[in-house]
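Contents: one structure, followed by commentary.
What follows is calculated from the coordinates using simple rules that are stated; it is not laboratory data. For clarity, every value in this text was computed on a predicted model and none was experimentally measured. Positions of Cβ are generated from backbone atoms using ideal geometry, with glycine treated the same way; all protein chains shown enter the neighbour counts.
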Amino acid sequence: MSVLIFAELDEGKIKKSSQEALFYGAKVAEQTGTSATAIIIGAADDSELASAGRFGATKVLHAADARLNEPNGMAYATVVAAAAQQESSTVIVLAKSSLADAMTARLAGKLKAGLAANVIELPDLSNGFRVKSSIYTGKAFAFNELKADIKILAIRKNTITPEETEATAPVDSFSPSLNDADFAISVKSTEKASGDVLLPEADLVVSAGRGLKGPENWGIVEELAQALHAATACSKPVSDLDWRPHAEHVGQTGLKISPNLYIACGISGAIQHLAGVNSSKVIVVINKDPEAPFFKSADYGIVGDVFDVLPRLTKAVKAL
Ligand SMILES: Cc1cc2nc3c(=O)[nH]c(=O)nc-3n(C[C@H](O)[C@H](O)[C@H](O)COP(=O)(O)OP(=O)(O)OC[C@H]3O[C@@H](n4cnc5c(N)ncnc54)[C@H](O)[C@@H]3O)c2cc1C
């Protein structure tokens with residue numbers, strides 16, 4: 001018996017959200033008196049694979065078939081299902097991501113498992129197996145009771161803060177049989193957003209809206225983001241107007257993010273925008289209109305002109 005954690009790679013490195021999943025899985029293993037095994041798919045060096053141990057995995061299965069170097073939800077689901085069967089895993093944990101979204105339902109079908117998505121707390125085992133998840137774009141919670149023998153938990157970013165140790169985990173190679181049907185969908189190319197800090201993974205985000213007046217003014221947003229080592233984001237009209245790339249659009253129809261800090265500059269705070277950002281841990285709003293709806297959702301608010309406030313904030317961050 002074991003808890004199995006799918007640790008997703010990004011350019012050969014375990015993603016930060018997957019480090020959280022590993023730590024979460026190790027905690028579930030502790031709760032259930034089992035061990036935590038990581039399954040890692042694709043090319044990565046030995047030290048990176050073994051580093052899953054730092055977050056609590058006691059063993060790593062590595063599927064290195066070259067066909068798996070391109071992330072593929074169908075084939076990856078087959079690999080994780082095979083690993084779960086080999087390890088007799090009854091709980092499977094993975095961090096929510098676009099790849100995980102393509103895998104979870106397939107995985108649940110293959111293993112006849114119960115699935116809870118957007119999980120935000122460790123399971124409550126006092127009476128069955130209950131997990132709390134976030135629903136309706138963060139406006140409500142659901143308490144899911146999973147009764148199937150095998151349970152799949154897709155955890156939301158920032159559900160748990162991983163603690164690292166010096167431990168490394170032994171790595172076993174894992175080669176399940178894969179057939180053509182597993183590659184019925186193939187990824188031909190991947191276009192990645194550029195920038196030092198990628199938005200879906202970012203802990204800190206500086207976001208701006210129509211209050212910036214035009215794309216020529218984004219320098220002050222980028223300077224603050226650089227000073228904080230944050231990613232940049234924007235409201236929908238800003239990307240619709242081509243002031244910023246669509247990959248930066250957050251909200252109901254864009255990316256849903258949950259960073260530790262979200263700084264909204266010149267964004268009104270329409271409900272469709274909040275739907276993508278209201279699960280951020282701390283929200284700071286900078287708006288010249290004291291009646292802007294965003295202030296109702298803010299932890300900290302600055303009533304002021306972004307063209308005055310942002311350069312001063314950047315200067316203060318640099319001074320720190
Ligand atoms: C079906 C649907 C889906 C949608 N999906 C999304 C979505 O995913 N994401 C999204 O963002 N929107 C979405 N929208 C649009 C949404 O309703 C809002 O229209 C949009 O979020 C407003 O963008 P904004 O705040 O940048 O612009 P505005 O509403 O124009 O607000 C600009 C803000 O900047 C402030 N401001 C102006 N000048 C300054 C200054 N110098 N200093 C400081 N503050 C200043 C103003 O006071 C104002 O509050 C959606 C709408 C619909 C109908």
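Using a cut-off of 29 Å between Cα atoms, the listed pairs K110/K236; K157/K236; K16/K288; K151/K192 include K110/K236; K16/K288; K151/K192 as exceeding that distance.
When the square roots of the Cα gyration tensor eigenvalues are ordered a ≥ b ≥ c, the ratio a/c for segment 159-234 is 1.5 or more and a/b does not exceed b/c, which makes its shape oblate. Computed from backbone phi, the HN-Hα couplings of segment 292-298 come to 4, x, 4, 4, 5, 9, 8 Hz, rounded to whole numbers (Karplus: 6.51 cos²θ - 1.76 cosθ + 1.60, θ = phi - 60°; Gly and Pro given as x). Given +1 at the Cβ of Lys and Arg, -1 at the Cβ of Asp and Glu and no other charges, the dipole of the chain around its Cα centre is 860 debye to the nearest 20.
Can you give the % of DSSP beta bridges in the chain that are antiparallel, to the nearest 5? Within the chain, antiparallel bridges account for around 15 percent of the total. Coupling constants for segment 256-267 follow from the phi torsions by the Karplus curve (6.51 cos²θ - 1.76 cosθ + 1.60, θ = phi - 60°), and in residue order they are 9, 10, 9, x, 6, 9, 10, 9, 9, 10, x, 10 Hz; glycine and proline get x. What shape does the chain take by its C-alpha gyration tensor, where a ≥ b ≥ c are the square roots of the eigenvalues and a/c under 1.5 counts as rounded, a/b above b/c as prolate, and the rest as oblate? Cα axes put the chain in the prolate bin. Once you reduce segment 156-183 and segment 264-312 to the center of their Cα atoms, the two points are 38 Å from each other. Its Cα centre serving as origin, segment 167-320 has a Cβ charge dipole (Lys and Arg +1, Asp and Glu -1) of approximately 420 debye. Checking the a/c ratio against 1.5 first, then a/b against b/c, what shape does the Cα gyration tensor give for segment 199-319? Here segment 199-319 falls in the rounded category. Within the listed set F129, F174, F294, the Gaussian network model of the chain (springs between alpha-carbon atoms below 10 Å) gives the highest mean-square fluctuation for F129. Sorting the segments 241-254, 86-99 by their mean number of nearby beta carbons within 10 angstrom, highest to lowest, gives 86-99, 241-254.
Counting neighbouring Cβ atoms within 10 Å and putting the fewest first, the residues K16, K192 line up as K192, K16. Helices in the chain, meaning DSSP H runs of at least 4 residues, each add -39500 (n - 2.57). Divided by all residues, the mean residue ellipticity at 222 nm is -8000 deg cm²/dmol.
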